[in-house]
1. Would you mind ranking 33, 26 by Cβ crowding within 10 Å, fewest neighbours first?
2. Of all the stretches in the chain, which is the longest one without any exposed loop site, taking GluC sites (Glu not before Pro) in a DSSP loop (any state but H, G, I, E, B) with at most 14 other Cβ atoms within 10 Å?
3. Using the Cα centre of the chain as origin and beta-carbon charges of +1 (Lys, Arg) and -1 (Asp, Glu), tell me which of 41, 7, 84 is placed farthest towards the positive end of the dipole.
4. Could you tell me the distance between the Cα centroids of the range 112-169 and the range 51-93, to the nearest Å?
5. Quick check on my link table: of 322/379; 86/262; 325/347, which ones sit more than 19 Å apart, alpha carbon to alpha carbon?
6. Tell me, what is the percent relative contact order of the chain, built from C-alpha pairs under 8 Å that lie six or more residues apart?
7. Over every pair of different alpha-carbon atoms in the range 32-172, take the mean of 1/r and invert it; report that Kirkwood radius in Å.
8. Counting only Cα atoms, I'd like the Rg/Rh figure for the range 269-384, Kirkwood definition for Rh.
Amino acid sequence: MIKIIKNVEVFSPQPLGRKDILIASDKIVAVEDSIILNGLYVQIIDGSDKIAVPGFIDSHVHIIGGGGEGGFKTRTPELIFSDLVKGGITTVIGCLGTDGVTRNLNSLYAKAKALDEEGVTCYIYSGSYRVPIVTFTGSLLQDLILIDKVIGAGEIALSDHRSSQPTLEEVKRIAADARVGGILSAKAGIVNLHLGDGDSMLDMIYEIVSKTEIPITQFLPTHVNRNKKLLNEGLNYTKMGGFVDFTTSTGSLLEEDLQAWKALKLYIENGFEDQITFSSDGQGSLPRFNEKKEFIGLDVGKVTSVYEQFRLAVRHGVAIEKALKAVTQNAAKILKLHNKGIIAQKKDADILLLDHDLTIVDVIAKGKVLMANYEITVKGTFES
Ligand code: ZN
């Protein structure tokens, strides 16, 4: 089936003005001022009162669930496909977290394949919080080269009381393997680092970048908006050329200054709009600890929070094209997902249509309509 989105204002994320977008199978074939094509096999989607933006990319989701930080009954449930659709996420990266024992890479891989089959694009990271990291093949280098879905390592915990307290040498080796594995497999080989509330913050990355040839863009530190000290330190990190990721699902748990939209605004004001990504930490447990580091309760992260924080950014005065970068183009760049993140010829047909309130009206992923006129049209296999 061929689709044409007619007369829609396109943000790719740069504003392109009113265009027609031609989609054939899973690709964008053309973005032109006017495309005339009729016939039985052509579906016309009216875009005249909407804007078209690239499908969102969420680089950190516990797709098979995570946690258990308050015991077994607190293990979080796995991701439901339609939550991705609701949140406009058309590309998702799955990871293990604190628990790399009762959750494992084989199930992570299977869930990623399932999400692919259900209609979005899914990749995964090898590893979990702990070092030495868990892998499929015995080495991260081999995982990157031999396992199609593996695009990096993560989330490896640093600067956190739940971290395995890895040495500098251990983290250095992971980065080195990620780099070479990434080069040989034409993948990002990204090292997704969970940062906790500890004092060491980004010190280990600074050490590695200053003492080796590994570039700062090999790393994507996440949860950088978890406290003020880390948020400020992140500004120095971006000044050195690094990318930082803000977690969106902690939104309501955090004071306003630390919410992803506000953090984004701060970094844009400092000139770093091209180095920020948002991720949800979806399905992860969001444990709350008291000052004695004792567990006092938990919530579950929602993938829809990426969209919510994007919308809040725009509502608080961030230009739509700048806010969009954090949820589309920047993530595609740091994760080297070359067919994602923009609306252009030959790219994957991952497109959201939003109304003037920025509410998601239609979701198209890999050329398939998953949401039409505010209604989810494709649900997960076991959703009624
Ligand atoms: Zn984390």
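A short reminder: the numbers here are calculations on the coordinates, not readings from a lab. These numbers come from a predicted model, not from an experiment. Virtual Cβ from ideal backbone geometry, glycine too; neighbours counted across all protein chains shown.
1. 33, 26
2. Here the longest segment lacking exposed loop sites spans 1-212.
3. 41
4. A separation of 16 Å, based on Cα centres.
5. Over 19 Å Cα-Cα: 322/379; 86/262.
6. Worked out over the chain, it gives 21 percent.
7. 17.2
8. When Rh is taken as the Kirkwood radius, the ratio is 1.03.
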